[in-house]
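The values are calculated or read from the model by the stated rules, or taken from the named source; none is laboratory data. Here the structure is a predicted model, which means the values were calculated and not measured. Positions of Cβ are backbone-derived with ideal geometry, glycine not excepted, and every protein chain shown enters the neighbour counts.
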Amino acid sequence: MKDFAALFNAIDQSTKTTVKVAALADYFANAAESDRVWTIAIFSGRRPKRAVTTTRLREWAAEVADIPLWLFEEAYPIVGDLAETIALVLPPPDETSDLGLTRWINTLRALADVEESARKVVVLEAWRTLDPTQRFLFNKLLTGGFRIGVSQKLMTRALARATGGDEAEMAHRLMGDWNPADVTWHSLIEAADPAANASRPYPFYLAYALESEPENLGKPEDWQAEWKWDGIRGQLILRDGQHFVWSRGEELMTNRFPELARARDFIPDGTVLDGEILAWGDGVPQNFNVLQKRIGRKTVPKKLLKDAPVILYAYDLLEWQGQDMRDTAQKDRRALLEKLCKGLPEDAPIKLSPTVAFDDWRALAQTRSNAREAQAEGLMLKRRDSPYLTGRKKGDWWKWKLDPLTIDAVMIYAQAGSGRRANLFTDFTFAVWNGNDLVPFTKAYSGLTDEEFRKITAWVKKNTVQRFGPVRSVTPHHVFEIAFEGIQASSRHKSGVALRFPRMSRWRRDKPLQEANSLDDLKEMLKTYG
Amino acid sequence: MSVLTFTPDGIYCAAGDFYIDPWRPVPRALITHGHADHARWGMGNYLASDIAAPVMRHRLGDIALDTITYGERRVIGDATVSFHPAGHVPGSAQIRVEVAGEVWVASGDYKVVDDGLSTPFEPVKCHHFITESTFGLPVFRWQDQAVIATQINDWWAGCAAAGKTAFLGCYALGKAQRLMSMLNPEIGPILTHTAIENTNAVMRDQGIDLVDTIRADADLTPKDHPGALVLAPPSALGSAWARKFGARETAFASGWMAVRGIRRRRAGDRGFVISDHADWVGLLSAIKETRAENIYVTHGYTDIFARYLNAEGWTAEVVPTEFGGDEAEDAA
């Protein structure tokens, strides 16, 4: 595990992508092959099944550290990571072991087949013989959730560098349902893979937010406007009689949206579409809450397919008749796309995302203000004569979102963050007035500057009323403006509402407590926008 | 009435009519050490250890400051006071106050390991002990100073080999000089930010033996000092001054670096776990050695630490602290 720990340290000690990639590439070139495969598996979220409950781990760690369990439980939220808390409280190791990563993983996999008492012996032995970094990694393997600043993309790049292969091809090799216990380095990384080319997506073009008035973009006739949808950006690839659906994060989502398979019935091979995956019903896009039910599900039960069917709302054509169309002007790509979609039957899972006609910017601003009624977040503006660029670039595409909804609320609970935000109070619960009572209605974690988080942290420490484990109730005093993108009725929340993307948009130090909004105000918003 | 009481102005001794490390201006202040959250401006009279005095004069200017040596006893009103080494920074003291046979010790900030620079911590027997708890959680356990020295020197040598300047963020008083004693000068020159070099000058003047350093002020030409390590207060690490050095790596030296999340929030390249405060083991051993039964816990994880002490048989209570803010975190 020393190689793996050295790799971890090299990655963890740097904030620079180049350094991380170099460390990974070096590891993939030199570590034992089985260790490389397990490393890929771990960094892409494939870990051995958890064999010990975290409750047991906490108890054993407290026992070995000779501290009461409650003290361990107090320290855990402050450190913010269970694996790390355990590694830190244990006394220094008696001796150091030098078993490889694969060997430790096999040890962990074998735990599933033995009694708990035997598991404890193995875990305690590991703790006794591993140095602090290795202990932390061992605990991470035990508890899962290996987020250590290595994205799949970074790892893919390093693999491409170590093997001289292509990054997109490497990304595809790592997709899908492979088991690190069954594959070899050769079969996973090196063996010929004829399917790789067919599935390869184009890099997405990503828009920047429009920050000034649209008048600054020039003449309206040079621009095309569309609704900006609140769904999942997706690329549908039809090649070699197969279809592939990619997310913006270059994740293969083909199996998550089986209804898109029928695209093959209507659209010719050699076509790639860019668009938004949306829940669809009654001839219109549905609220994001409906799509939410499909997110994170790798398999979809029949009932869900019926209750929350999806379509691809297409807005760009990247490949046509096997030709890369990205250098063709937006207006010409659009014309081809419209032609392609024209003949599609009503029940096809592909639909054309319409353009929004406008003659002058003022009229378009008026249209934009109705975006919520169209289940849209705002507008997209695309330059008619622009190519399809790669990545986030300024100039040709702009997103012109609606201003968020806002409400002024009172902070009533605070909790320390974890990971990078350990030791700072960053997670807050907010309330609105209901008569003389404060009713909690949302949590928010983001939107403040580091400086503001430091200030509010100092304040929370001095104004704690009561502690409930890691959560503190604080004196109601500070008013924050909470911005959010949508509001829904919810029976799971005491307030009766659930917000979409709530965040702190302003610390209203100017606003007295009594002037925060009320539950009636929220209900009014629910009526208007829900 | 207690020998020491906890008032909104700070720790007060009625028998001697003086305060220890007060937060607000008072006529008479006994100061444990020169850090800004302990030695504040505006007191009528100050009493501090002779070793701490020069830095306090440097920081607070023309103050009425009387000095006392470690172990020397002095009668103030009905109280007898003496100062004893706290091992935190050079000149730092635990203040022992005895009134009619009852002994209290206000320990200020302390660490129990010998850092090679400060007079080592000496346990003082007492009935009532006031302890800090900056690192009063079992997750904080320091490694030997020699181990950390190797880590820092290896990092520095790596930076030097890569043609980068190594920037090490640390507190100007105490931590900087301790780090200087740990550095291997064969690797390259040691440069210091003006805030640190000013403190160095004061300490050299009073006869404290420090390695040679070069003041990195506006006139310094960075490329004349290849392979250098620069000691600087954390606030200066992102400044225009630091950028002048071109390719560089940044590290922090603080006990907080033990926690990965905090290390990452600082967004430095490295974090070295070294503190001038006692770790969990150090706090408990210090408390045991005082033989005190009554413990007053201040500054840090007060609630948790006091709860633990109570569960282990002491009578512990939390006493209020005014928070030192970021500076306190940097100093740790």
Whichever residue in the stretch B:293-314 is out of contact with any strand residue (DSSP E or B) (no Cβ under 7 Å at 6 or more places or on another chain) and assigned to a loop (DSSP other than H, G, I, E, B) and, among such residues, is nearest to the other protein chains (Cβ to nearest Cβ): B:Glu312
The stretch A:199-229, subset modelled with pLDDT under 95 and of a type in the set (Gly, Ala, Ser), residue farthest from A:Tyr315 (Cα to Cα): A:Ser212
Close pairs (6 angstrom Cβ cut-off, 6 or more residues apart or separate chains): assigned by TED's automatic domain parsing to the domain that holds A:Ala376 in the stretch A:339-358, among the acidic types (Asp, Glu) and in a helix (DSSP H, G or I) anywhere: A:Pro349/A:Glu259
Given (1) in the same structural domain as A:Tyr27 (by TED's automatic domain parsing); (2) at positive phi, number of the condition A:Arg135 does not satisfy: (2)
Which numbered condition B:Phe245 misses (of (1) surrounded by fewer than 23 Cβ atoms within 10 Å (Cβ to Cβ); (2) outside the structural domain of B:Gly169 (by TED's automatic domain parsing)): (2)
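Residue check: is A:Val460 closer than 23 Å to A:Trp70 by Cα, modelled with pLDDT under 95 and buried (at least 21 other Cβ atoms within 10 Å of the Cβ)? Write out each step before concluding.
Numbers: closer than 23 Å to A:Trp70 by Cα: yes; modelled with pLDDT under 95: yes; buried (at least 21 other Cβ atoms within 10 Å of the Cβ): yes.
So A:Val460 passes the test.
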Residue in the stretch B:135-143 that is in contact (Cβ under 8 Å) with a residue 40 or more places away in the chain, buried (at least 20 other Cβ atoms within 10 Å of the Cβ) and under 27 Å from B:Asp205 (Cα atoms) present: no
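Kindly establish whether A:Leu99 is more than 14 Å from every other protein chain (Cβ to nearest Cβ), over 26 Å from A:Trp70 (Cβ atoms) and modelled with pLDDT of 85 or more.
Working: more than 14 Å from every other protein chain (Cβ to nearest Cβ): yes; over 26 Å from A:Trp70 (Cβ atoms): yes; modelled with pLDDT of 85 or more: yes.
It is true that A:Leu99 is more than 14 Å from every other protein chain (Cβ to nearest Cβ), over 26 Å from A:Trp70 (Cβ atoms) and modelled with pLDDT of 85 or more.
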Residues of the stretch B:1-27 that turn out to be in contact (Cβ under 8 Å) with a residue 40 or more places away in the chain, buried (at least 19 other Cβ atoms within 10 Å of the Cβ) and more than 21 Å from B:Ala100 (Cα to Cα), as a count: 1
Check on A:Lys331, surrounded by fewer than 19 Cβ atoms within 10 Å (Cβ to Cβ), modelled with pLDDT of 95 or more and in the same structural domain as A:Ile237 (by TED's automatic domain parsing): yes
Hits in the stretch A:372-418 (condition: touching a residue at least 40 places away in the same chain (Cβ under 8 Å), over 22 Å from A:Asp332 (Cα atoms) and assigned to a loop (DSSP other than H, G, I, E, B)): A:Gln375, A:Pro404, A:Gly417, A:Ser418
Restricting the stretch A:72-103 to residues that are free of Cβ contacts under 8 Å to residues at least 60 places away in the same chain and touching a Pro at 6+ places or on another chain (Cβ under 7 Å), the residue that is surrounded by the fewest Cβ atoms within 10 Å (Cβ to Cβ): A:Ala75
Boolean, B:Ala166 is crowded, with 24+ Cβ neighbours inside 10 Å and not in a loop (DSSP other than H, G, I, E, B): yes
Selection count where residues are touching an Asp or Glu at 6+ places or on another chain (Cβ under 7 Å) and among the small types (Gly, Ala, Ser), scope the stretch B:213-253: 1
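Only one of these is in a strand (DSSP E or B), facing chain A (nearest Cβ under 10 Å) and either over 15 Å from B:Leu137 (Cβ atoms) or at pLDDT below 90 (or both): B:Gly261, B:Gly271. Name it.
Details: B:Gly261 fails: in a strand (DSSP E or B).
None of the other options fit; the residue is B:Gly271.
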Tally, over the stretch A:266-294, of residues that are within 18 Å of A:Leu337 (Cβ to Cβ) and either within 18 Å of the chain's Cα centre (by Cα) or free of Cβ contacts under 8 Å to residues at least 12 places away in the same chain (or both): 3
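Return the total of residues in the stretch B:29-84 being hydroxyl-bearing (Ser, Thr, Tyr), over 19 Å from B:Asp109 (Cβ atoms) and out of contact with any Lys or Arg (no Cβ under 7 Å at 6 or more places or on another chain).
Restricting attention to the stretch B:29-84, the residues satisfying the condition of being hydroxyl-bearing (Ser, Thr, Tyr) are B:32, B:46, B:49, B:67, B:69-70, B:80, B:82.
From what is left, the residues that are over 19 Å from B:Asp109 (Cβ atoms) are B:67, B:69, B:80.
Now restrict to residues that are out of contact with any Lys or Arg (no Cβ under 7 Å at 6 or more places or on another chain): B:67, B:69.
So the count comes out to 2.
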Subset of the stretch B:236-258 (residues that are more than 25 Å from A:Gly80 (Cβ to Cβ) and either part of a helix (DSSP H, G or I) or of a type outside the set (Ser, Thr, Tyr) (or both)): B:Ala236, B:Ala240, B:Trp241, B:Ala242, B:Arg243, B:Lys244, B:Phe245, B:Gly246, B:Ala247, B:Arg248, B:Glu249
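Kindly indicate which of A:Thr442, A:Thr426, A:Thr457 is touching a Pro at 6+ places or on another chain (Cβ under 9 Å), hydroxyl-bearing (Ser, Thr, Tyr) and either in a strand (DSSP E or B) or within 14 Å of chain B (Cβ to nearest Cβ) (or both).
Numbers: A:Thr426 fails: touching a Pro at 6+ places or on another chain (Cβ under 9 Å); A:Thr457 fails: touching a Pro at 6+ places or on another chain (Cβ under 9 Å).
Going through A:Thr442, A:Thr426, A:Thr457 in turn, just one is touching a Pro at 6+ places or on another chain (Cβ under 9 Å), hydroxyl-bearing (Ser, Thr, Tyr) and either in a strand (DSSP E or B) or within 14 Å of chain B (Cβ to nearest Cβ) (or both): A:Thr442.
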Some residue of the stretch A:37-44 being within 14 Å of another protein chain (Cβ to nearest Cβ) and in contact (Cβ under 8 Å) with a residue 40 or more places away in the chain: no
Residue list for the stretch A:67-82, restricted to those being at the interface with chain B (Cβ under 8 Å from one of its Cβ atoms), within 17 Å of A:Gly417 (Cβ to Cβ) and out of contact with any Phe, Trp or Tyr (no Cβ under 9 Å at 6 or more places or on another chain): A:Val79, A:Gly80
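Tell me the residue from A:Thr102, A:Thr85 that is β-branched (Val, Ile, Thr) and more than 27 Å from A:Asn423 (Cα to Cα), please.
Step by step, each of A:Thr102, A:Thr85 is checked, and only A:Thr102 is β-branched (Val, Ile, Thr) and more than 27 Å from A:Asn423 (Cα to Cα).
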Options A:Arg368, A:Arg362; residue that is closer than 20 Å to A:Gly231 by Cβ, modelled with pLDDT under 95, not assigned by TED's automatic domain parsing to the domain that holds A:Val79 and not hydrophobic (A, V, I, L, M, F, W, C): A:Arg368
Number of positions in the stretch A:359-371 that are more than 31 Å from the chain's Cα centre (by Cα) and not in a helix (DSSP H, G or I): 2
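Check A:Asp269, A:Asp282, A:Asp265 and return the single one that is in contact with a strand residue (DSSP E or B) (Cβ under 7 Å, 6 or more places away or on another chain) and of a type in the set (Asp, Glu).
A:Asp269 is the lone residue from the list that is in contact with a strand residue (DSSP E or B) (Cβ under 7 Å, 6 or more places away or on another chain) and of a type in the set (Asp, Glu).
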Of the criteria (1) among the charged types (D, E, K, R); (2) buried (at least 19 other Cβ atoms within 10 Å of the Cβ); (3) more than 18 Å from A:Pro258 (Cβ to Cβ), which one A:Arg294 fails: (3)
Unique match (being within 27 Å of B:Val202 (Cβ to Cβ) and not in a loop (DSSP other than H, G, I, E, B)) among B:Tyr46, B:Tyr12: B:Tyr46
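For every residue, the table says whether it meets (1) touching a Gly at 6+ places or on another chain (Cβ under 6 Å); (2) free of Cβ contacts under 8 Å to residues at least 24 places away in the same chain; (3) among the aromatic types (Phe, Trp, Tyr).
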{"residue": "B:Ala48", "(1), (2), (3)": "no, no, no"}
{"residue": "B:Asp62", "(1), (2), (3)": "no, yes, no"}
{"residue": "B:Thr67", "(1), (2), (3)": "no, yes, no"}
{"residue": "B:Thr80", "(1), (2), (3)": "no, yes, no"}
{"residue": "B:Ala86", "(1), (2), (3)": "yes, no, no"}
{"residue": "B:Ala93", "(1), (2), (3)": "no, no, no"}
